[in-house]
Amino acid sequence: AKDYARRASITGGEMNVAQLEAAVKRLAELRNQVPKAAENPVAKLERALVGQTVGVDFFPTPPEIAQDMVERAGIEDGMRVLEPSAGNGRIADAVKAAGVEPDVVEVSSSLREILEAKGHNLVAQDFNDFNPGPVYDRVLMNPPFSERMDVEHVRRAFGMLKPGGRLVAIMSEGPFFGSDKKATAFREWLDENGGVSEKLPDGSFAKDRT
């Protein structure tokens, strides 16, 4: 306000009504000239998703869980990494923070906009149509859960790993306890490939739902 007063030529002493009106007008003009901070495009896109049904079973991965996944995957410089159900990029963000630019896949156009705004490398839209072969050192994923899609996605993604590669995934509890054919087959497959599972703490996703 002090600077505006100086620039409006208010120098003290008595002022008539016309001078006062002119000063107030000039002050308003100066305030309108102050540049407004540009809104973060990612924040704007993410805010637009609030209350919307987005993608398929979209539950954003909490940053601390994404970071834990990166640590468990043992990501190192030079590795080729895939996030096949990227959502709004929480896991991909953690991978990138570890020094590796991941490839990402996402079916939702709204979520792809966010991934593009973040600068992630989109390599496909539909994971079911993505067939790169066994080219990745690591796969990190939080796939859709309904109708055992997590089982299908994890097994499909496993086929994209190089020999000796590693996959870290968030899955629903159903495949580990269900008696249906798909769940039983998954547990057998997991054992055959030396996989392990660990239950996430209760409420891990409760505080962060878009």
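The values are calculated or read from the model by the stated rules, or taken from the named source; none is laboratory data. Given the structure is predicted, the values throughout are model-derived calculations rather than measurements. Here the Cβ is made from the backbone with ideal geometry for all residues, glycine too, and neighbour counts use every protein chain on show. Areas reflect the complete protein model, heavy atoms only, side chains present, ligands, DNA and RNA absent. Shrake-Rupley method; radii C 1.70, N 1.55, O 1.52, S 1.80 Å.
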> If only one of Val139, Val123, Val107, Val151 is open to solvent by 50 Å² or more (accessible area, probe 1.4 Å), in contact with a Phe, Trp or Tyr (Cβ under 9 Å, 6 or more places away or on another chain), hydrophobic (A, V, I, L, M, F, W, C) and within 20 Å of Ser172 (Cβ to Cβ), which one is it?
Replying inline: Val107
> Is it the case that some residue within segment 138-154 is in contact (Cβ under 8 Å) with a residue 60 or more places away in the chain, in a helix (DSSP H, G or I) and touching a helix residue (DSSP H, G or I) at 6+ places or on another chain (Cβ under 8 Å)?
Replying inline: yes
> Applying the selection to segment 82-104, what residues are open to solvent by less than 10 Å² (accessible area, probe 1.4 Å), in a loop (DSSP other than H, G, I, E, B) and over 20 Å from Val151 (Cβ atoms)?
Replying inline: Asn88, Gly89, Val100, Pro102
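Rundown of residues vs (1) within 22 Å of Ala66 (Cβ to Cβ); (2) not charged (D, E, K, R), yes/no style:
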position	(1), (2)
Leu111	yes, yes
Leu115	yes, yes
Val135	no, yes
Pro144	yes, yes
Ala157	yes, yes
Met160	yes, yes
Glu173	yes, no
Arg187	no, no
Gly195	yes, yes
> Only one residue in Glu106, Glu101, Glu83 is over 16 Å from Met141 (Cβ atoms), at pLDDT 95 or above and not β-branched (Val, Ile, Thr), so which one is that?
Replying inline: Glu101
> Which residues, counting only those in segment 33-47, are among the small types (Gly, Ala, Ser) and at pLDDT below 80?
Replying inline: Ala37, Ala38
> Quick one: is Met160 over 21 Å from the mean Cα position of the chain (by Cα), modelled with pLDDT of 95 or more, open to solvent by less than 20 Å² (accessible area, probe 1.4 Å) and at negative phi?
Replying inline: yes
>> Could you check segment 141-192 and list, in sequence order, the residues that are among the aliphatic types (A, V, I, L, M), out of contact with any strand residue (DSSP E or B) (no Cβ under 7 Å at 6 or more places or on another chain) and over 28 Å from Val54 (Cα atoms)?
In response: Ala185, Leu190
> From Ser204, Ser197, Ser172, Ser179, which residue is open to solvent by 40 Å² or more (accessible area, probe 1.4 Å), touching a helix residue (DSSP H, G or I) at 6+ places or on another chain (Cβ under 9 Å) and at negative phi?
Replying inline: Ser197
>> Gly74 - would you say it is surrounded by fewer than 15 Cβ atoms within 10 Å (Cβ to Cβ) and either of a type outside the set (Phe, Trp, Tyr) or touching a His at 6+ places or on another chain (Cβ under 7 Å) (or both)?
In response: yes
> What number of residues in segment 52-81 are outside any loop (DSSP other than H, G, I, E, B), within 19 Å of Phe205 (Cα to Cα) and small (Gly, Ala, Ser)?
Replying inline: 1
> Looking at (1) touching a residue at least 24 places away in the same chain (Cβ under 8 Å); (2) crowded, with 21+ Cβ neighbours inside 10 Å, can you tell me which one Phe130 breaks?
Replying inline: (2)
